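Trainee: Let me give you the structure first, and then I'll get to my questions.
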Amino acid sequence: MRYIGSKERLLDFIEGFINEKVESVQNPTFADLFCGTAVVSKHFKQRGFNVIANDLLTTCTIWAKAALTDLENIPFERLFDSDEINQNMDYSNLLIADNYDLVLNHLNKITPKKGFIYREYTLEGTRDSAFQRMYFTEENACKIDAIRHQIGIWKDNNFITEDEEALLLASLLNAVNKVANIAGTYGAFLKEWDKRAFNPLNLERMAVECTSSPRLNHEVYQMDVLELAPNIQADVVYLDPPYNFRQYGAYYHILETIAIGDSPFIDGKTGLRPWKDKKSDFCYSDKAASALTQLVNNLDCKHIFLSYNADGVLQHEEILEILSSKGNVDFIDVNFQRYKSNNGGTGVKKVKERLYYVGS
Ligand SMILES: C[S@@+](CC[C@H](N)C(=O)[O-])C[C@H]1O[C@@H](n2cnc3c(N)ncnc32)[C@H](O)[C@@H]1O
């Protein structure tokens, strides 16, 4: 998944340190309070934790709901009862396992439709506008519009549940990420077409697990972490805040529009939606320290882990001081390689990611 700061490649590293510090408890809860793509939430659910996931962005709460749901929560029964899906089609060329596959197949074959994404984010759609934008090909934009519209209609008519909606939207967001003509974020589009943009948009199945035994619970919130922190209880809290000026609400604005399903007033060369209600104090060098202090002081839990990049706006010494108000602090470093593709750069840069621990 292309998402800044995703911990997909650091899961073993994070788990190893957590195992070192946390004794096993009955029915443990793991709180992933800046969940992003929810890969960390999902990983710890698979390790037997109840999970609390939270993020400011709608996109991320959709990823979290989709990652944490169980197969039994997505029967798509009401949709099939409604006759919205043609069950008499010839599926002999497809590996169809269940209703979920049939729904994806239906959406992948949908008739394209010119909507907001076509009008605002394609060359053809913006031809007569002040800004010409080339985030998507015409074909893919019309498919995104049609699929988003269809999912919205199904939800409004109560044909799908919240989990089923999240699962379909997560598939759509992931598919969009694969064909967007960008270098990594939606902060800009490429001036030339990347060949991935010409691949036809295709919704794929998300990995959904069977219900675990014993059954695990999960909760997903879309709140500023500073408001949520005093109201949760967890055995382990994992914090992965932004560490530089990049505001996720602005950098992922198109995914957010697709996730929300609205047609906002947009602005400028990149067609930015209003995002300031989702701005994060953790992105500002003059606000991050007090935000982290407030967050840590408001957490009621025994074990806190914090991922932070060595190039972040908070200095190592500052972090140690903030965390030490809670107890004994420890940390480990990992160097991992980040591939830099932006602006023609092809260098591989070593990034030092630090994982802090404070236990009380
Ligand atoms: C470094 S990313 C997390 C990546 C995640 N661990 C993963 O593996 O995908 C930081 C996330 O924090 C969210 N965020 C930033 N400020 C926040 C705040 N004040 N409250 C809640 N979430 C916030 C951003 O939207 C972003 O998704």
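Trainee: Considering Ile14, Ile4, which residue is open to solvent by 30 Å² or more (accessible area, probe 1.4 Å), within 25 Å of Asn174 (Cα to Cα) and within 11 Å of the ligand (Cβ to nearest atom)?
Mentor: On the way: Ile14 fails: open to solvent by 30 Å² or more (accessible area, probe 1.4 Å).
After ruling out the rest, the residue left standing is Ile4.
Trainee: Need at least 3 residues that are at pLDDT below 95 and open to solvent by 30 Å² or more (accessible area, probe 1.4 Å) per element, so show me which helices (runs of 4 or more DSSP H) inside the stretch 64-139 make the cut, counting only ones lying wholly within it.
Mentor: Hits in the stretch 64-139: 77-81.
Trainee: I need the full set of residues from the stretch 277-322 which are open to solvent by less than 20 Å² (accessible area, probe 1.4 Å), assigned to a loop (DSSP other than H, G, I, E, B) and either out of contact with any helix residue (DSSP H, G or I) (no Cβ under 9 Å at 6 or more places or on another chain) or without any contact (Cβ under 8 Å) to a residue 60 or more places away in the chain (or both), in order please.
Mentor: Listed by number, the list holds a single entry, Cys301.
Trainee: Next up: When you look at Leu10, is it at pLDDT 90 or above, touching a helix residue (DSSP H, G or I) at 6+ places or on another chain (Cβ under 6 Å) and part of a helix (DSSP H, G or I), yes or no?
Mentor: no
Trainee: Going by the structure shown, is Ser213 of a type in the set (Gly, Ala, Ser), modelled with pLDDT of 95 or more and part of a loop (DSSP other than H, G, I, E, B)?
Mentor: Spelling it out, it is not the case that Ser213 is of a type in the set (Gly, Ala, Ser), modelled with pLDDT of 95 or more and part of a loop (DSSP other than H, G, I, E, B).
Trainee: For the stretch 152-169, which residues satisfy the criterion of being surrounded by fewer than 24 Cβ atoms within 10 Å (Cβ to Cβ) and not aromatic (Phe, Trp, Tyr)?
Mentor: Gly152, Ile153, Lys155, Asp156, Asn157, Asn158, Thr161, Glu162, Asp163, Glu165
Trainee: Suppose we keep only residues that are closer than 30 Å to Ser325 by Cβ and outside any loop (DSSP other than H, G, I, E, B) within the stretch 244-276. Which one would you say is nearest to the ligand (Cβ to nearest atom)?
Mentor: Out of the qualifying residues, it is Tyr248.
Trainee: Give all pairs with beta carbons closer than 6 Å in which a residue from the stretch 25-40 that is free of Cβ contacts under 8 Å to residues at least 40 places away in the same chain meets a residue that is in a helix (DSSP H, G or I) and open to solvent by 10 Å² or more (accessible area, probe 1.4 Å); count only pairs at least 6 apart in sequence or on separate chains.
Mentor: Matching pairs, first to second residue: Ala38/Ala67; Val39/Glu8.
Trainee: While we're looking at this one, here's another question. Would you please name the residue that is nearest to the ligand (Cβ to nearest atom), looking only at residues in the stretch 24-44 that are open to solvent by 20 Å² or more (accessible area, probe 1.4 Å) and out of contact with any Asp or Glu (no Cβ under 8 Å at 6 or more places or on another chain)?
Mentor: This residue is Lys42.
The values are calculated or read from the model by the stated rules, or taken from the named source; none is laboratory data. In this text, all values refer to a predicted model and were calculated from it rather than measured experimentally. In this analysis, Cβ positions are derived from the backbone assuming ideal geometry, glycine residues included, and neighbour counts consider all displayed protein chains. Note: accessible area is taken over every heavy atom of the protein model, side chains too, but ligands, DNA and RNA are not part of it. Shrake-Rupley method; radii C 1.70, N 1.55, O 1.52, S 1.80 Å.
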